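Visitor: Below you will find the structure I want to go over with you.
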Amino acid sequence: ARAASAAAAHISFDEADARCLPLPDGSVDVALAGWALSYLKSEHEVWHADGSYSGAWREEVDAALREMDRVLVEGGVAILLETMGTATEKPQRDGSHLYAHYRARGFSQRVVRTDYRFESRRAALATLGFFFGKGVARRAEALLADVADDGEACFVPECTGVWWRVKHCETTQ
């Protein structure tokens, strides 16, 4: 318990714009962006009537990735978390151009299950509808069709993508 308490004294969490972190160079062992860079992408991409897309989303995401690298110590790890499907047993967005962009930038990827537990079917549908919208709520409703809504606990599947990259020494020639 003392070791855990001593280690916790060296842990801090900060909230900031991912493109401009208020931290010194090489000052952290782990930089974590959870469900944040997909937001940057969505704010800076433009979809066209023909189904194509454009916009400065790659530049914005790369700015955040550079900041993560800047604040990491040598051997530090950048970790990205993104939803890959809610109310579904299998990942739904593995072909996403954002996820391909992460891989092109040297990130390794793994999908993990991060299922939700709710006190009742009613609570599940209300919460999922609020956070994820009608489409996810409809998928969850179909999954939970056999769950009574009298306080019976239920689970809704979630797939989360985890990407990581270790900062290596840059050699100069």
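The values are calculated or read from the model by the stated rules, or taken from the named source; none is laboratory data. If you're wondering where the values come from, they're calculated on a predicted model, not measured in any experiment. Heads up, the Cβs are rebuilt from the backbone with ideal geometry, glycines too, and the neighbour counts pull from every protein chain shown. Remember, those area values only see protein heavy atoms, side chains included, never the ligands or the DNA or RNA. Shrake-Rupley method; radii C 1.70, N 1.55, O 1.52, S 1.80 Å.
Visitor: If a/c stays under 1.5 just call it rounded; otherwise compare a/b with b/c (prolate if a/b is bigger, oblate if not). Do that for region 42-93, with a ≥ b ≥ c from the square roots of the Cα gyration tensor eigenvalues.
Guide: The shape class here is oblate.
Visitor: Rounded to the nearest 500, what is the chain's calculated 222 nm mean residue ellipticity when only DSSP H runs of at least 4 contribute -39500 (n - 2.57) each, over all residues?
Guide: Details: 6 runs with 60 residues, N = 173.
It comes out at -10000 deg cm²/dmol, rounded to the nearest 500.
Visitor: Moving to a separate point now. Taking 0.36 nm per intervening residue step and subtracting the Cα-Cα distance, what contour gain separates CYS169 from ALA8 on full extension?
Guide: 55.2 nm
Visitor: State the answer as a single residue: which of HIS97, HIS168, LEU125 lies farthest towards the positive end of the charge dipole of region 96-173, with beta carbon charges of +1 for Lys and Arg and -1 for Asp and Glu, about the Cα centre.
Guide: HIS168
Visitor: Okay, next question. Roughly how tilted is helix 134-143, in degrees to the nearest 10 and between 0 and 90, from the longest Cα axis of the chain?
Guide: Computed tilt is about 60 degrees.
Visitor: Expressed in nm to one decimal, what extension gain is obtained for the pair ASP50 and ALA100 from 0.36 nm per residue of sequence separation less their Cα-Cα distance?
Guide: That works out to 15.9 nm of additional length.
Visitor: List every residue whose amide H lies under 5 Å from the amide H of GLY55, counting only residues 5 or more places away in sequence or on a different chain, with H placed 1.01 Å from N in the peptide plane.
Guide: Amide H neighbours of GLY55: VAL46.
Visitor: Under the Karplus relation 6.51 cos²θ - 1.76 cosθ + 1.60, θ = phi - 60°, what is the ordered set of whole-Hz ³J(HN,Hα) values for region 118-123, x standing for Gly and Pro?
Guide: Couplings: 10, 5, 7, 4, 4, 5 Hz.
Visitor: Quick check: at a probe of 1.4 Å, how many percent of the accessible area of region 32-126 sits on carbon and sulfur atoms?
Guide: Ligands and nucleic acids excluded, carbon and sulfur give 52 percent.
Visitor: Residue-wise, which Karplus ³J(HN,Hα) couplings in Hz belong to region 60-74, taking 6.51 cos²θ - 1.76 cosθ + 1.60, θ = phi - 60°, and x for glycine or proline?
Guide: Going residue by residue, I get 5, 5, 5, 4, 5, 5, 5, 5, 4, 4, 4, 7, 6, 6, 4 Hz, with x marking Gly and Pro.
Visitor: Hey, with R₀ at 41 Å, roughly what FRET efficiency would LYS90 and ARG19 work out to, going by the Cβ-Cβ distance, to 0.05?
Guide: Efficiency for this residue pair is about 0.80.
Visitor: Would you mind working out the magnitude of the charge dipole of the chain relative to its Cα centre, with +1 at each Lys and Arg C-beta and -1 at each Asp and Glu C-beta, to the nearest 20 Debye?
Guide: Numbers: 20 positive and 26 negative charges, 68 e Å.
Charge dipole of the chain: 320 debye, to the nearest 20.
Visitor: Right, another one. Using the heavy atoms of the protein chains alone and a 1.4 angstrom probe, what is the accessible area of the chain per residue in square angstrom? Can you show the working numbers first?
Guide: Values: 10900 Å² over 173 residues.
Averaged over the residues of the chain, the accessible area is 63 Å².
Visitor: Which cross-chain or sequence-distant (5 or more) residues have an amide H under 5 Å from the amide H of LEU32, H modelled 1.01 Å from N in plane?
Guide: ILE79
Visitor: Below 18 Å, Cα to Cα, which aspartates and glutamates can LYS167 reach? Residues fewer than 8 away in the same chain don't count.
Guide: By straight Cα distance, LYS167 reaches ASP25, ASP29, ASP62, GLU67, ASP69, GLU74.
Visitor: Continuing with the same structure: Can you give me the relative contact order of the chain as a percent, contacts being Cα pairs under 8 Å and 6 or more apart?
Guide: 27
Visitor: Take every DSSP beta bridge whose two residues both sit in the chain, then give the antiparallel share in percent to the nearest 5. Numbers along the way, then the final one.
Guide: Details: 21 of 27 bridges.
Antiparallel: roughly 80 percent of the beta bridges in the chain.
Visitor: Excluding same-chain residues fewer than 8 positions from LYS90, which lysines have a Cα within less than 22 Å of its Cα?
Guide: LYS134
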